[in-house]
Number of protein chains: 2
Amino acid sequence: MGIRTRRKNKQEAETSSRRTQVTAQDLMDAAVRLLGTHRSVSTLSLREIAREAGIAPNSFYRHFRDVDELTVALIDQAGRALRGIIREARQRLSMERSAIRTSVEAFMDQLDADEKYLQVLLREMSTGSDAFRQAVERELTYFEDELRDELERMEKLTGHATFEPALTAKAITRLVVAMGASAASQSLDQRAELIDQTVIMIRMIMVGSQAMAKKA
Amino acid sequence: MGIRTRRKNKQEAETSSRRTQVTAQDLMDAAVRLLGTHRSVSTLSLREIAREAGIAPNSFYRHFRDVDELTVALIDQAGRALRGIIREARQRLSMERSAIRTSVEAFMDQLDADEKYLQVLLREMSTGSDAFRQAVERELTYFEDELRDELERMEKLTGHATFEPALTAKAITRLVVAMGASAASQSLDQRAELIDQTVIMIRMIMVGSQAMAKKA
DNA sequence: TAAGTGTCAATACAGGTGTATATTCATGTG
DNA sequence: CACATGAATATACACCTGTATTGACACTTA
């Protein structure tokens, strides 16, 4: 009696903070919220994330060993989103035309989806530790592999051969990612123009690849 | 007398730190040294840079208002290096062939030149404040403009028309930058392969662009 | 009921940080 | 010579950081 008054006061003010369990996902969401459009993960402090998620600094350790581990989790999420884009594109490809445009649009839309994991990936691609870069490279390689499959499948369907499908896929992937990185910090109608440009660029690559296949 | 003994001791140990004037350039060099291959500028503290440059924390303010201002200066330097690459490529183009390969090689070499400004640019492209991104975009636009001029000049020389030269230049630029960003964190023989890939990718774009010009 | 377990908060500590203030000194100028 | 100027320094302050320690509370399980 009288010993535990401190907590009670806090509880009164803070709406019973203990009640709801805080998950790893909550922490990831808090981090993304803090990152917004500009900050890189390395500028986030453990305390800041914990504060945003509404837990004590130390509770962070229940879910992640440190901020770096959380970052890798974010990148994994982004990779999942990326693969979702490809999978959708593949389905659309069988029924309608201009799969390129719809894929590019899907990619760009993913930039400001509810959880902006993709932006995190784009940002950590060039910044950050080796672990981050490796995680990003891994996800991009998945993407390239699926795109190559797609190109080879299309090759059989249309009869247009593709020159070095793996390289073509890589070129397209890197270009889209680069354009997406610019798009991330731009307004919506600027982004529309960027999408148009990206589509044309991809067409250049594919047309060029096919022309080089004929010549070789 | 007896009041100023503190300084004298320090002087003895530190080899007369006052003697040589510290320039803004020295601070920029110190920052690049600290950045190495992985850190982003936002992780540098003013004190850390000052320490590396061998000056007191407060002396930093004589040269830059804050770390952000120093970063923009670094990006400007990188842009100058970039324009140097284009200018060299232009001269080579008139006498020998395969200007593409030599340009790409020049670009990649610039990555680990003495002063690795280019790496800074690549890293701050996706991270960092609006000011950084704008600075980077500006430099890339310069690069694209010069490349477009080059493409148009080549168009007249060879008779091969180029489809939307501005867009073609942009595609090439963004692709090279993206490939350079991966190259920055790789070993030298991995980089050699990356250069080969980049050259082929550029050729795809140019061949595609020319084919689309004919059709349109 | 009692003990054990997992989740969180409170406190504390030893650092690092940006910057305000005042000081030291080498240098040029009258 | 005296003295103003400018560049660099030292000290100090309030703040934020990661994390170690300890204890509170809600649960299972016996």
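The values are calculated or read from the model by the stated rules, or taken from the named source; none is laboratory data. Being a predicted model, the structure only gives us computed values, none of them experimental. All Cβ positions, glycine included, derive from the backbone under ideal geometry; neighbour counts span all protein chains shown. Ligands, DNA and RNA are excluded from the accessible area calculation, which covers all protein heavy atoms including side chains. Shrake-Rupley method; radii C 1.70, N 1.55, O 1.52, S 1.80 Å.
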Exercise. If one takes the accessible area of chain B alone plus chain A alone and subtracts that of the pair, with a 1.4 Å probe, what total in Å², rounded to the nearest 100, results?
Worked result: 3100 Å²
Seminar exercise, completed: at A:Ala131 the sorted inter-copy label distances (label 7 Å from Cα on Cβ side), in nanometres, are 3.2
Problem set entry | Measure of compaction for segment A:81-215 (Cα Rg per 2.2 N^0.38 Å) | 1.05
Problem set entry | Selected from B:Leu34, B:Ile202, A:Val120, residue furthest toward positive end of dipole (the protein assembly as shown; charges at beta carbon) | B:Leu34
Exercise. Where in segment A:55-88 is the amide nitrogen less than 13 Å from a point lying 7 Å along the Cα-to-Cβ axis of A:Ala131?
Worked result: A:64-76
Problem set entry | Which of B:Ser59, B:Gly180, A:Met154, positive extreme of dipole for the protein assembly as shown (C-beta unit charges) | B:Ser59
Exercise. Got the A:Glu69 label distances to the other copies yet, label 7 Å along Cα→Cβ, in nm, shortest first?
Worked result: 4.2
Problem set entry | Space enclosed by the convex hull of the alpha-carbon atoms of the protein assembly as shown, per residue, Å³ | 204 Å³
For this session: Add +1 for every Lys or Arg and -1 for every Asp or Glu among the other residues with Cβ under 11 Å from the Cβ of B:Gln210, and state the total.
Result: +2
Exercise. Which of the residue pairs A:Lys215/B:Lys170; A:Lys170/B:Lys116; A:Lys170/B:Lys170; A:Lys116/A:Lys170; B:Lys156/B:Lys214; A:Lys215/B:Lys156 have a Cα-Cα distance greater than 19 Å in the structure shown?
Worked result: A:Lys215/B:Lys170; A:Lys170/B:Lys116; A:Lys116/A:Lys170; A:Lys215/B:Lys156
Exercise. In nanometres, what is the gap between the two model label sites at B:Arg62 and B:Lys214, each 7 Å from Cα along Cα-to-Cβ?
Worked result: 6.5 nm
Exercise. DSSP loop GluC sites (Glu not before Pro) in segment B:37-97 with at most 16 other Cβ atoms within 10 Å of their Cβ, which ones?
Worked result: B:Glu96
For this session: Give, ordered by residue number, each residue of segment A:158-176 whose 1.4 Å probe accessible area is reduced by a minimum of 30 Å² on adding the remaining protein chains to the chain alone.
Result: A:Leu167, A:Lys170, A:Ala171, A:Arg174, A:Leu175
Exercise. Any idea of the accessible area per residue across the protein assembly as shown, 1.4 Å probe, to the nearest Å²?
Worked result: 53 Å²
For this session: Starting from the Cα of B:Lys156, step 7 Å along the direction of its Cβ; do the same at B:Glu88; then give the gap between the two resulting points in nm.
Result: 2.7 nm
For this session: Could you look at segment A:81-215 and say what percent of its accessible area is carbon and sulfur, using a 1.4 Å probe and all protein chains?
Result: 51 percent
Seminar exercise, completed: Given a Förster distance of 25 Å, the FRET efficiency implied by the Cβ-Cβ spacing of B:Arg80 and A:Asp29, rounded to the nearest 0.05, works out to 0.05
For this session: Pick out, in residue order, every one of the trypsin sites (Lys or Arg not before Pro) in segment A:41-115 that is DSSP loop and has at most 12 other C-beta atoms within 10 Å; say none if there are none.
Result: A:Arg65, A:Arg97
Exercise. What are the label-to-label distances in nm, one decimal and shortest first, from A:Ala24 to the same spot in the other copies, with labels 7 Å along Cα to Cβ?
Worked result: 4.7
Exercise. For a paramagnetic label modelled at 7 Å from the Cα of B:Arg203 toward its Cβ, which residues of segment A:152-178 fall within the zone defined by backbone nitrogen distances under 14 Å?
Worked result: A:163-165, A:167-168
For this session: Scan chain B for the residue whose Cβ is closest to the axis carrying it onto chain A, then write down that distance in whole angstrom.
Result: B:Gly208, 1
Problem set entry | Coarse-grained scattering of segment A:136-215 at q = 0.13, 0.16 Å⁻¹, given as base-10 log I(q)/I(0) from a Debye sum over alpha-carbon atoms | -0.45, -0.65
